Amino acid sequence: MNIFSYYEAKIQKAVQQLITQDVLSKDIRLQNVSVEPPRDPDHGDVATNIAMVLSKQAKMNPRDLAAKIADIIHQDKFIEKIDIAGPGFINLVLKNEIWYEVAEAIHKLGKTYGRSNIGNEEVVNVEYVSANPTGPMHVGHCRGAVFGDALANLLEFAGFKVTREYYINDAGAQVDVLARSAYLRYREALGENIGDIPEGLYPGDYLIPVGKQIAEDYGASLLNKEEEEWLPIVRTIAIDANMELIKQDLAALNITHDVFFSERSLLSGETDQVAETIEWLQDEKLVYHGRLSPPKGKMPEDWEDREQLLFKSKNFGDDVDRALMKADGSYTYFAADIAYHKNKYDRGFKKMINVWGADHGGYIKRMQSAINALTANQGKLDVKICQLVNLLRAGQPIKMSKRAGTYVTLREVVDEVGSDVTRFIMLYRKNDAVLDFDFDAVLEQSRENPVFYVQYAHARIYSVFRNAADVFEDLDIESLKAVNIKFQCLDSKEEINLIKKLAEFPRTIEAAALNHEVHRIAFYIYELASEFHSLWNRGKELPQLRFINSKDRLLTEARLALILNVATIIASGLEILGVKPKLTME
């Protein structure tokens, strides 16, 4: 039961009644109308801004319009009181009966409570990680990987049909540098003293086993070949080895993808898809030969004032038109990316979400303009930027990794604190805000550590059931699920407030899914855990609020069912985040 959707429907029905009465016109628009918990709980249980949103269209004073809407909806059986506040907010105070219905719904539905059909089975492509296959993933990749995976989980929970995709950047200069770096390690494996790794090559130790593999497979046969002969061989082996390394790192975070799409396949398949895409753009008169104005500020060293093939990116929302070909005749990264996204659209994905790193913010407009052009505005691309992660230990920055050579790897983080802690902390902050990840702080057992505080709430609830079995031998979680619970036994303010928090879960799911904001789920279950811990502590102060009452089985069943509902929602939230809920705390 989503009480906010319930009252949204009631309010919309009231608007339709006012249209019938000619109080409002038929073309009234309901965009930007919200039905949500008021910021101050003292104002009520449900608040809506509908009167203020519609007042200008209706040419009415918002408070007068609010009064007309209130007159219609006040007949609802669950409404105890309606207040019109400030410039025209409508605040509803609800009877306890609706909270008992919410508690009963969660008790019956279990983990299906909160699931939504707002996605309506719409297909969505979520592309995330897409790290260059040139070495182990670093902690920045870790944040994007966790965010993308959790976002896919959230969208599925909200009724979307999701494909998880990884774009392998296996074409371009960076993989040729990888091949040369691996070739150096190959020479080392054959006994040559290679000395210090030259500047411009990848220095990490992770390429040592790649060099050994090449030596085992080819012996010394590559030493006498020209680079143009050995480079494609070494490049393929190095890319495959690094992709296997990346997949192992992702598996450590319980992350899988449905599709691994190779950039090189755009160029080396039956047709050159990049060339085909450019030809399509030419046919649509969306490209031209021209000169770009020099960029503002400091002039890049590689700037060339020359005539080149340009995509009419400005026509579709970008700041400038964009080049599709380099001076040497090869494609720009942008041209390949256009072809890749056309491939996505041709595969049936009108809705696309890309998770990118902090340094890609300037690339968003041009890519969205390309999607608009390719799809005649039928496709939509949302880009979520994951900001930097600062690694700390006791507040001090952590030095770089010896294994990678230049950065701390994803695997080093997971190996130290575990997958669950890593995932929760990475998601307990909005993706576009810089994150401080302190190895000491994330392992603390305190309220200030959100992952501990949430897990502790879940484990505490299960400990209550173990204690209940000592009082009522036949009472356990499974038997409780089969009982008709008398939730009306719950009448304390603390218990009702806990149910009210549970009632927010379906709305939180829908808002988070529609806005692609996974942190809302992490915040919500932390707040729910806090409400539970508060009730637990009140029970220590006031014996009448304790969960187990040896003299009143019905009350005990109601309270145990209530906290089981809390555990159910915490578990659902954690599973969306990709975190396994704990039954006990070590």
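The values are calculated or read from the model by the stated rules, or taken from the named source; none is laboratory data. Fair warning: this is a prediction, and the values are worked out from it, not measured in the lab. Here Cβ is always computed from backbone atoms with ideal geometry, including for glycine, and neighbour counts include all displayed protein chains. Just the protein is used for accessible areas: all its heavy atoms, side chains included, with ligands, DNA and RNA removed. Shrake-Rupley method; radii C 1.70, N 1.55, O 1.52, S 1.80 Å.
Can you tell me the convex hull volume per residue for the chain, based on C-alpha atoms, in Å³ to the nearest whole number?
In the chain, the Cα convex hull volume per residue is 214 Å³.
Identify all lysines with a Cα-Cα distance to K582 below 29 Å; exclude those on the same chain that are fewer than 8 residues away in sequence.
By straight Cα distance, K582 reaches K108, K111, K161, K247, K430, K481, K486, K493, K500, K501, K540.
I need the phi-derived Karplus couplings for the range 463-480: 6.51 cos²θ - 1.76 cosθ + 1.60, θ = phi - 60°, integer Hz, Gly and Pro marked x.
In residue order, the calculated couplings are 5, 4, 5, 5, 6, 4, 5, 6, 9, 10, 4, 8, 9, 9, 4, 5, 5, 5 Hz.
Report the net charge of residues surrounding L577, where surrounding means a beta-carbon distance below 15 angstrom and charges are Lys +1, Arg +1, Asp -1, Glu -1. Don't skip to the end; give the middle numbers.
Working: positive: K111, R143, R423, R429, K430, R520, K580, K582; negative: D149, E156, D420, E517, E527, E575.
Value of the local net charge: +2.
With a 1.4 Å probe and all protein chains in place, put Y7, Y288 in order of accessible area, largest first.
Heavy-atom accessible area, descending, gives Y288, Y7.
Loop-only check: which chymotrypsin sites (Phe, Trp or Tyr not before Pro) in the range 36-131 are DSSP coil with at most 15 other Cβ within 10 angstrom? Can you show the working numbers first?
Details: sites: F78, F89, W99, Y100, Y113, Y128; in loops: F78, Y113, Y128.
Counting only loop positions with at most 15 other Cβ atoms within 10 Å, none of the chymotrypsin sites (Phe, Trp or Tyr not before Pro) in the range 36-131 qualifies.
How far, in nm, would the chain grow between I208 and L392 when pulled straight, counting 0.36 nm per residue and subtracting the alpha carbon separation?
Net length gain for the segment: 63.4 nm.
Under a Cβ-Cβ cut-off of 13 Å, what is the net charge of the residues other than F472 that fall near it, where Lys and Arg count +1 and Asp and Glu count -1? Working shown, then result.
On the way: positive: R466, K551, R553, R559; negative: D470, E473, D474, D476, D552, E557.
Once positives and negatives cancel, what remains is -2.
Please identify the GluC sites (Glu not before Pro) of the range 349-448 that satisfy two criteria: DSSP loop assignment and at most 10 other Cβ atoms within 10 Å. Which are they?
When the GluC sites (Glu not before Pro) of the range 349-448 are filtered for loop state and at most 10 Cβ neighbours within 10 Å, E448 remain.
I28 accessible area, nearest 10 Å², 1.4 Å probe?
Surface accessible to solvent at I28 totals approximately 20 Å².
If you take the alpha carbon radius of gyration of the range 519-576 and divide it by 2.2 N^0.38 Å, what ratio comes out, to two decimals?
On the way: Rg = 13.1 Å, N = 58, 2.2 N^0.38 = 10.3 Å.
Ratio of Rg to 2.2 N^0.38 Å for the range 519-576: 1.27.
Restrict the search to the range 188-228; then list the GluC sites (Glu not before Pro) that DSSP places in a loop and that have at most 14 other Cβ atoms within 10 Å of their Cβ.
Within the range 188-228, the qualifying GluC sites (Glu not before Pro) (loop, at most 14 other Cβ atoms within 10 Å) are E192, E199, E226.
Along Cα→Cβ, 7 Å out, is where each label goes; now give me the distance between the ones at T236 and F439 in nm to one decimal.
4.0 nm
For every helix of n ≥ 4 consecutive DSSP H residues, a contribution of -39,500 (n - 2.57) applies; sum these over the chain, divide by its total residues, and give [θ] at 222 nm rounded to the nearest 500 deg cm²/dmol.
-15500 deg cm²/dmol
Report, in debye and to the nearest 20, how large the dipole of the range 125-235 comes out about its Cα centre when Lys and Arg carry +1 and Asp and Glu carry -1 on their Cβ.
360 debye
Grab the other residues whose beta carbon is less than 13 angstrom from that of G200, score K and R as +1, D and E as -1, and report the net.
-2
Please compute the modelled spin-label separation between V23 and N315, points set 7 Å along Cα→Cβ, answer in nm with one decimal.
That separation, rounded to one decimal, is 5.0 nm.
If you take the alpha carbon radius of gyration of the range 420-546 and divide it by 2.2 N^0.38 Å, what ratio comes out, to two decimals? Walk me through the numbers on the way to the answer.
Working: Rg = 17.1 Å, N = 127, 2.2 N^0.38 = 13.9 Å.
Normalised by 2.2 N^0.38 Å, the Cα Rg of the range 420-546 equals 1.24.
Can you grab the distance from the C-alpha centre of the range 563-586 to the C-alpha centre of the range 507-550, Å, no decimals?
The range 563-586 and the range 507-550 have Cα centres separated by 11 Å.
Could you give the angle, 0 to 90 degrees to the nearest 10, between helix 553-577's Cα long axis and the longest principal axis of the Cα atoms of the chain?
Between the helix axis and the principal axis of the chain, the angle is about 20 degrees.
How much length is gained if the chain between K540 and D272 is pulled fully straight, taking 0.36 nm per residue apart and subtracting their Cα-Cα distance, in nm to one decimal?
89.4 nm
Whole Å is fine, so just give me how far the alpha carbon centre of the range 90-166 lies from that of the range 288-366.
32 Å
Taking the Cα of D83, stepping 7 Å toward and past its beta carbon, and measuring to each backbone N in the range 472-507: which are under 20 Å?
Only 493-494, 496-498, 500-501 fall inside the zone, counting backbone N under 20 Å.
Put +1 on the Cβ of each Lys and Arg and -1 on the Cβ of each Asp and Glu in the chain; which of L109, G329, L223 then has its Cα farthest toward the positive end of the dipole?
The Cα lying farthest towards the positive end belongs to L109.
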